[in-house]
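The values are calculated or read from the model by the stated rules, or taken from the named source; none is laboratory data. These figures come from a predicted structure and were not determined experimentally. Cβ: placed from backbone, ideal geometry, glycine included. Neighbour counts: every protein chain shown. Each accessible area value is taken on the protein alone, full model and side chains, heavy atoms only, with ligands, DNA and RNA left out. Shrake-Rupley method; radii C 1.70, N 1.55, O 1.52, S 1.80 Å.
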Amino acid sequence: MSRTIVAQFILVFIFFSGCTLQEDAFSLTPKNFDMWKNYITPTQNELAWTRIPWLSSFSEGLIQANTQQKPVLLWVMNGHPLGCT
Amino acid sequence: MAGRRSVWSDSRLIDLAKQFVPTTDEVWRLQGAQDNDANIFQEMANKGHYRRAGGSRQGIYVCTPKGDLLSSINSLDADVVLNTVKTGLGKWHELPLTERSLPENHLLNAAHRWENSYPEDGLVLTSYNIDIFTDPPINEERSDRWNIDHVWFNKDESRQWLPNHPKVGDIYDLPEKLNDRIFRFHLVDNVRGQTLPFAPAEIKSSRIQIEIVEYEKDNMRFKITGSSLAIAKGEWLLGENDWTPTDLLDHSMKTNLLGEATYNLSLEKFIEFEIVAIGHRIGKTQNNGRKHGPDSNYVGFLFKLSQGRANDKIAPGFVDLYNADWIIHPNKTM
């Protein structure tokens with residue numbers, strides 16, 4: 001009888017311990033901070049487009065193109081392509 | 001921003017770009033302003049892939065230094081863009097030398113650029129954000145869309161991250177104005193495209209708390225925690241401006257954030273800064289690419305010190321609505 005009670009107590013303890021120790025999904029804690037940071041940081045592949053030495057304004061592009069005697073390759077977006085677009 | 005991945009990450013285009021002066025810009029000013037560079041752009045765009053004025057002129061253009069159009073396209077297909085760029089290059093090589101230069105003394109100044117307000121000696125952060133679908137996140141299932149933005153605080157605002165007489169053990173709230181800037185303009189759902197900022201009344205709760213944990217050799221080290229709930233439902237509350245939507249609003253963002261930073265008292269600037277935020281978004285805005293669902297999901301944000309390179313000096317997406325009186329606005333009467 002006492003063994004059954006002890007076993008039941010242990011089961012109840014494990015159940016509630018599990019509930020309280022488990023973090024909510026998508027929570028942010030000092031323990032998982034690096035995991036989220038690393039995931040959010042763009043990968044090298046995602047930053048491949050930055051290997052092109054983009055200038056940040058059309059006027060600067062025209063002036064540089066004139067100096068270097070090269071054509072302009074212009075990429076324009078709603079929102080700056082090098083920022084939030 | 002899909003073009004970053006599908007077009008400009010293509011090694012053939014990265015290589016081909018060496019034969020050009022690769023240039024970017026924000027199309028809204030170029031297609032509407034009366035500056036010299038904008039006039040050149042508009043004349044060129046009238047001959048390009050979107051000939052009709054009125055809609056967006058975004059896309060890719062190959063042109064001469066005086067703005068003569070050689071080729072143009074708006075496509076997310078690297079093969080299509082490659083062909084267009086090669087066509088433009090071919091035309092360039094056929095041009096007589098006299099057609100390859102700007103006229104002498106040609107002025108290209110823009111009357112106004114938001115980047116002129118870049119706070120050189122302030123706190124400038126680069127933010128990255130991406131959808132999160134699982135916890136823990138699975139790299140192999142990483143979303144193909146992510147975005148960048150920049151966060152600006154001038155020198156005075158940068159110093160306001162500290163109390164007047166900071167000491168280890170101090171715990172305090174970030175001043176409301178700076179708090180507001182982060183939650184209204186930067187913890188927003190722009191992962192898949194430009195979204196809308198929140199109005200002050202739409203921030204239902206928000207708090208950033210700072211604890212000074214260490215002070216050594218002029219370096220003041222903080223822990224940063226915070227949370228927010230922003231709900232936009234119904235009418236647009238930010239007046240008539242470039243962002244005014246045509247539809248009623250129904251979107252929200254709930255966030256938790258955590259971070260660390262170090263401010264150097266002698267240099268009067270931050271030397272380290274990192275905040276991660278996990279947001280739960282619901283709903284969509286007019287142009288933020290959520291039309292095809294899901295209706296809600298988690299979004300991860302990372303804010304870190306910008307490096308001060310040219311690319312880091314691009315203005316924040318919502319700079320025109322920023323709660324900062326030091327931002328220089330265009331003269332509307334011009």
### Task
Exactly one condition in (1) part of a loop (DSSP other than H, G, I, E, B); (2) open to solvent by less than 50 Å² (accessible area, probe 1.4 Å); (3) among the hydrophobic types (A, V, I, L, M, F, W, C) is not met by B:A111; state its number.
(2)
### Task
State the number of residues belonging to region B:268-310 that are part of a strand (DSSP E or B), more than 12 Å from every other protein chain (Cβ to nearest Cβ) and open to solvent by 60 Å² or more (accessible area, probe 1.4 Å).
5
### Summary
Over region B:313-334, the set of residues part of a helix (DSSP H, G or I) and open to solvent by 10 Å² or more (accessible area, probe 1.4 Å) is B:K313, B:D320, B:L321
### Task
Being modelled with pLDDT of 95 or more and more than 8 Å from every other protein chain (Cβ to nearest Cβ) is the filter; apply it to region A:33-47 and report the residue that is most open to solvent (accessible area, probe 1.4 Å).
A:N38
### Summary
Matching residues in region A:61-74 (at the interface with chain B (Cβ under 7 Å from one of its Cβ atoms) and either open to solvent by 10 Å² or more (accessible area, probe 1.4 Å) or polar (S, T, N, Q) (or both)) number 6
## Note on the structure
Residues of region B:264-295 being closer than 23 Å to B:E235 by Cβ and modelled with pLDDT of 95 or more, in sequence order, are B:R281, B:I282, B:G283
### Task
Please tell me if B:I14 is within 16 Å of A:V76 (Cβ to Cβ) and within 7 Å of chain A (Cβ to nearest Cβ).
no
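Could you list, in sequence order, all residues of region B:135-168 that are among the aliphatic types (A, V, I, L, M) and either under 30 Å from B:A324 (Cβ atoms) or touching a strand residue (DSSP E or B) at 6+ places or on another chain (Cβ under 8 Å) (or both)?
B:I148, B:V151, B:L162, B:V168, listed by residue number.
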### Query
Is it the case that some residue within region B:169-181 is in a helix (DSSP H, G or I), touching a strand residue (DSSP E or B) at 6+ places or on another chain (Cβ under 7 Å), touching a residue at least 24 places away in the same chain (Cβ under 8 Å) and among the aliphatic types (A, V, I, L, M)?
yes
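Specify the residue that is nearest to B:N331 (Cα to Cα); the eligible residues are those in region B:73-90 that are in a loop (DSSP other than H, G, I, E, B) and open to solvent by less than 80 Å² (accessible area, probe 1.4 Å).
Top of the filtered list is B:N74.
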## Note on the structure
Subset of region B:221-261, residues touching a His at 6+ places or on another chain (Cβ under 9 Å) and surrounded by fewer than 17 Cβ atoms within 10 Å (Cβ to Cβ), comes to B:K233
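Each row is one residue, and each column tells you yes or no for (1) buried (at least 18 other Cβ atoms within 10 Å of the Cβ); (2) at pLDDT 95 or above; (3) more than 11 Å from chain A (Cβ to nearest Cβ).
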| residue | (1), (2), (3) |
| --- | --- |
| B:R4 | yes, no, no |
| B:Q19 | no, yes, no |
| B:K47 | no, no, yes |
| B:R57 | yes, no, no |
| B:W92 | yes, yes, no |
### Query
So which residues in region B:76-86 are under 18 Å from B:T23 (Cα atoms) and modelled with pLDDT of 95 or more, if there are any at all?
B:A78, B:V81, B:L82, B:T84, B:V85, B:K86
### Message
Checking B:I148 against (1) modelled with pLDDT of 90 or more; (2) open to solvent by 20 Å² or more (accessible area, probe 1.4 Å), only one condition comes out false. Which one?
### Response
(2)
### Task
Kindly list the number of the only condition in (1) part of a helix (DSSP H, G or I); (2) at pLDDT 95 or above; (3) not polar (S, T, N, Q) that fails for B:L125.
(1)
